[in-house]
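To start, the structure itself, in structure tokens.
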Amino acid sequence: MLSNLGNILLFLNVILSLGIIYAANKNLKISGGVDKNIFQLSLIQSTSIIICFLVLIAAFIISDFSLITVYQNSHSLKPLFYKIAGTWGNHEGSLLLWSIILSIFSFLFLVYNKNHPKKFRLLTLIIQNILILGFLFFILFNSNPFSKISPIPSEGLGLNPILQDPALAIHPPLLYVGFVGASIYFSAAIASLITNYSEKSFSLSIKNWVLISWCFQTLGILVGSIWAYYELGWGGFWFWDPVENASLLPWFAMTALFHSLIVFEKRNLFYFWVIILCLITFTLSVTGTFLVRSGILNSVHTFASDPSRGVYILIFLSLMIFGSIFLLFQKYKKENYDLNRNSKETFVLVNNWFMMFYLITVLLGTIYPIFTDALTDNKISVGPPFYNAIIFPVVVVFLLFMALGPKAKWIKNKFENIRIYFFILTGAIGLNLAIIFFFKSYSLLSNFIIISALFLIISSLMDVAKALKKNKLDFARIISHMSFGFLVLFIGLNDIFSLEKDYNIKLGETKKFENYSIQLQNLDLKNYKNYQAVIGKLEIRNINSNQTNILNPEIRIYNKPKTLTYEAAIKTSLIKDYYLTMSNIDRSDYYNIKFQKKPLMAWIWISVIMIVVGGFIRLFSNAKNN
Amino acid sequence: MQKIIKLIILFIFLFVIGIFYVSLTRDTNYNTSSLINKETPEFKIISFDESNIYTRNDIKKNTFTLINFWASWCAPCKIEHPILMKLSQTKNLVILGINFKDKEIQAKSFLNELGNPYDLLAKDENGKQSVRFGVYGIPESILINKNLMIIKKFVGPLSFEDYNNILKIIE
Amino acid sequence: MKLNLLIFIYIFIFFSKFTFAAENTVDPNQIHKNLRCLVCQGQSISDSNSDFAQTIKLVVKDLIDEGKTEEEIYSFMSDKYGDWIVFKPQFNIQNSLLWILPYIVLIFGGFFIFSFLKKRQ
């Protein structure tokens with residue numbers, strides 16, 4: 001029943017998309033405003049795709065195992081919350097969520113851009129609906145969440161237990177709003193090229209959409225990272241894994257885009273560069289999806305993959321890429337710039353320069369193994385050491401520019417007293433030396449990173465002081481930039497002061513290291529609804545302060561599907577986290593425990609949240625000004 | 001000039017997408033069976049009854065040696081065992097079995113039950129020696145020729161096809 | 001002003017002389033982090049507790065005791081298990097683009113921006 005209803009709604013959406021394209025195309029030729037029918041069609045489109053998604057949620061809630069997707073990803077014993085979250089936790093359901101975002105953004109863009117040329121709005125709508133059609137066809141012919149299975153199984157296969165986590169339930173929707181949201185400025189960019197709408201005002205039509213997608217993309221990456229930290233049990237929060245890189249690539253492009261949009265809006269420069277960034281952002285989103293879902297990459301984050309999906313997404317991707325390239329080649333006109341070396345425009349270009357560097361590095365690292373394998377039959381791994389070696393030295397310079405850039409004025413800037421920068425640098429170096437003096441020394445590169453992060457933080461603080469006096473405060477920028485400085489600082493300190501110890505330990509045994517002792521006091525076997533757990537009781541004692549902490553890591557054996565997972569025990573405080581995992585060793589009565597002290601973890605999360613807060617402040621102030 | 005740049009850009013994208021397409025059908029699972037045509041590493045491995053120590057000298061004199069890594073706790077090892085029994089009857093081939101991270105009693109009863117195909121039998125209790133051969137999951141087998149070159153690697157249980165291949169090589 | 005800066009750089013280098021001299025020993029944990037566990041999905045040896053990871057940890061310890069350097073241990077491993085096992089790709093002809101291209105982009109981008117600037121201030 002639900003299957004038929006879902007399929008009907010999907011077909012209805014195809015028809016609606018075709019209808020919108022037809023109506024918009026007809027409307028293009030007539031003078032006057034945008035036809036009211038088009039608004040209505042677009043609204044119906046968004047509503048019906050949402051209903052379609054609700055139908056799928058209903059199927060998950062009532063555990064309708066006649067649907068393959070429900071059968072493969074759900075189980076009747078699963079808690080209700082995870083049944084619902086399971087809807088978008090799988091490939092088919094997540095594509096449906098994609099279509100929702102594509103449709104809603106399409107509708108809202110049409111509604112909120114009344115001041116822009118009609119032709120531009122209608123064409124954006126047409127392009128966006130072509131994208132929607134592409135996804136609907138993909139859903140219908142390849143990844144239909146409403147496909148039936150017979151005979152109907154009596155029980156589902158369950159959802160991977162490590163995916164049963166609140167962070168992971170909200171992670172995909174956030175991320176999708178981010179990189180699927182990028183579709184709308186892809187469409188707008190194409191429409192702008194076709195209609196030659198290259199005035200400054202073009203930037204007004206997309207800038208809030210770029211900000212929205214950027215904010216959500218950042219939040220999505222943050223939540224994913226928190227999940228990895230809590231759930232994967234390695235104590236790390238970023239692994240430079242292909243799946244993570246796939247979410248980072250559009251982020252770099254978005255960040256570059258909204259910086260150069262500022263210049264475009266103010267000075268009417270860089271039009272083609274803005275367009276290229278719009279196109280790149282969504283193209284990278286689709287590329288990332290291709291890499292993750294086609295299974296051509298080996299990743300930690302298992303995503304059910306299937307080459308036939310790969311072929312489809314690849315065709316879609318090729319059409320997008322070559323379509324945009326041909327259009328761009330046709331319309332491209334050389335622009336001549338004559339910028340002052342010391343001006344805001346130049347500094348924004350510098351931001352873009354670094355973003356492109358990060359983007360190329362991460363993209364290259366992600367896809368290089370595919371190339372070596374296909375061309376030389378040699379499989380290589382590109383992991384954290386590569387990215388750290390290439391990116392971190394450059395971050396030092398980047399942070400310095402990040403501190404100086406926003407202070408520069410438009411067109412031409414006079415360097416204020418250079419002494420101020422010198423004092424800031426002195427302060428940063430002094431603080432760095434204080435850290436070394438009171439705690440411990442670290443590598444030369446770490447010194448530079450800490451110093452440049454401190455430089456950015458101090459100079460942002462001075463901006464606040466100065467702006468308060470003049471009563472002209474660009475809070476959004478200052479908060480985001482300063483928080484980025486804090487983020488790098490905390491990541492650096494976290495890396496330098498982390499402590500990690502690995503032991504094989506028997507019940508009752510005690511191990512000592514530095515000023516800690518750790519004892520495995522007890523092991524408890526407990527039965528739960530859908531898993532069994534071996535719960536360890538370990539006491540961590542700080543010998544100096546005689547403080548003790550009890551940590552309870554678990555080894556869980558889930559029954560549907562049968563999987564072994566290791567639950568880390570984490571004690572979070574403002575200064576540090578204790579992180580402990582325990583695992584059994586085959587054919588032995590020893591347990592392997594890994595103890596980690598991770599300073600300032602909470603502050604890493606807070607810094608990222610503050611970066612996003614800056615983005616939202618800018619968004620609200622934009623909305624107020626319009 | 002502009003034309004050349006445009007062509008280069010087009011070519012790059014075509015190339016990338018072409019590689020993506022080709023890679024779709026390639027196996028992404030890694031295994032080491034392509035790491036061949038290397039010299040056998042130096043090793044020192046204790047015999048199963050602890051009476052002897054085997055080194056490269058012990059396989060130098062054979063025309064062909066098959067080193068097989070196995071354990072009683074490894075289920076696929078049972079599957080390939082009949083093939084090893086058949087191979088043990090062929091000439092020109094010495095089979096060196098390396099008992100991997102196993103307990104002596106269980107290993108013995110495994111051989112008593114299913115037969116002993118090994119001309120030489122050694123053990124690697126902590127698995128360290130096996131790392132020298134690049135072993136990462138058992139069963140694995142390595143075929144070595146007279147010049148101590150590794151000419152074939154079998155990751156996973158030996159199949160009937162592998163058996164025929166080995167016969168072809170050693171005859 | 002310039003003199004101040006020079007003095008500063010000097011002090012910094014002076015401080016760094018004795019603060020950076022610390023690390024000389026090979027850290028096994030660092031090595032474990034840079035080796036891939038072949039039998040697990042994308043995890044490193046350090047993160048995994050599989051049989052294979054345990055054995056590799058033992059072997060790494062032995063190699064360190066033998067006095068091997070970090071680089072020697074990596075090349076030992078990639079000799080036995082292929083390039084796939086090391087997370088840091090070696091710098092060779094095959095991987096040259098991987099290591100160099102990012103910097104080419106960086107330098108090229110710099111020139112590009114420079115070309116937009118006014119020739120005379």
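None of the figures in this text is laboratory data; all of them are computed from the coordinates on show. Everything numeric here is computed off the predicted structure, so don't read it as measured data. Glycine gets a Cβ as well: all are built from the backbone with ideal geometry, and neighbour counts include every protein chain shown.
Observations, loosely collected:
- Between the range A:154-223 and the range A:432-473, the Cα center-to-center distance that results, in Å: 33 Å
- Integer Hz, Karplus 6.51/-1.76/1.60 couplings in order for the range B:133-140, x for Gly and Pro: 8, x, 7, 10, x, 9, x, 9
- For the range C:50-121, chymotrypsin sites (Phe, Trp or Tyr not before Pro) meeting the loop criterion (DSSP other than H, G, I, E, B) and having at most 16 other Cβ atoms within 10 Å: C:Phe91.
- Under the combined filter of DSSP loop state and at most 12 neighbouring Cβ atoms within 10 Å, the range A:425-514 retains these trypsin sites (Lys or Arg not before Pro): A:Lys440, A:Lys472, A:Lys506.
- Cα gyration tensor shape of the range B:26-120, rounded if a/c is under 1.5, else prolate or oblate by comparing a/b with b/c: rounded
- Around A:Pro369: net Lys/Arg minus Asp/Glu count, Cβ-Cβ under 11 Å: -1
- At q = 0.15 Å⁻¹, base-10 log of I(q)/I(0) for chain B (Debye sum, equal scatterers on each alpha carbon): -0.81
- Debye intensity ratio I(q)/I(0), log10, the range A:212-271, q values 0.13, 0.28 Å⁻¹ (C-alpha model): -0.45, -1.10
- Gyration tensor verdict on chain A (Cα atoms; rounded if a/c is under 1.5, prolate if a/b is larger than b/c, oblate otherwise): oblate
- Per-residue [θ]222 nm for the protein assembly as shown (sum of -39500 (n - 2.57) over DSSP H runs n ≥ 4, rounded to 500): -20000 deg cm²/dmol
- Kirkwood radius for the range A:267-358, taken over all pairs of different Cα atoms as the inverse mean of 1/r, rounds to 15.9 Å.
- FRET efficiency for the pair A:Ile8 and A:Phe326, taken as 1/(1 + (r/R0)^6) with r the Cβ-Cβ distance and R0 = 41 Å, rounds to 0.65.
- Computed from backbone phi with θ = phi - 60° and the Karplus coefficients 6.51, -1.76 and 1.60, the 3J(HN,Hα) list for the range B:30-43 is 8, 8, 8, 5, 8, 7, 10, 6, 10, 6, 4, x, 4, 8 Hz; x is used for glycine and proline.
- For the range A:543-582, the calculated P(r), taken from all Cα-Cα distances in 5 Å bins from zero up to the bin holding the longest distance, is 6, 20, 19, 20, 13, 9, 7, 3, 2, 0 percent.
- The range A:418-429 - phi-based ³J(HN,Hα) in whole Hz, Karplus 6.51/-1.76/1.60, Gly and Pro as x: 5, 4, 4, 4, 5, 5, 4, 4, 4, x, 5, 5
- Taking amide H as placed 1.01 Å from N in the peptide plane, A:Leu600 has its amide H under 5 Å from the amide H of A:Lys576, A:Asp577, each at least 5 places away in sequence or on another chain.
- Think of the range C:25-116 as a dipole: +1 on every Lys or Arg Cβ, -1 on every Asp or Glu Cβ, centred on the Cα centre; then among C:Gly82, C:Ala53, C:Leu97, C:Leu97 lies furthest on the positive end.
- As a rough footprinting exposure proxy, the listed residues C:Glu66, A:Glu244, B:Glu140 were ranked by other beta carbons within 10 Å of their own, and the order from fewest upward is C:Glu66, A:Glu244, B:Glu140.
- Taking A:Leu507, A:Leu12 and counting other C-beta atoms within 10 Å, the order from fewest to most: A:Leu507, A:Leu12
- Residues whose placed amide H lies under 5 Å from that of B:Ile95, excluding near-sequence neighbours: B:Leu66, B:Asp119, B:Leu120
- The ranking of A:Met355, A:Met402 from fewest to most other beta carbons within 10 Å of each one's beta carbon is A:Met355, A:Met402.
- Descending principal axes extents, the range A:502-602, alpha-carbon based, whole Å: 44, 31, 18
- Sparsely packed GluC sites (Glu not before Pro) within the range A:443-544, loop by DSSP, other Cβ within 10 Å at most 15: A:Glu509, A:Glu514
- Computed from the Kirkwood radius of its Cα pairs, the Stokes-Einstein diffusion coefficient for the range A:1-164 at 20 °C and 1.002 mPa s stands at 128 µm²/s.
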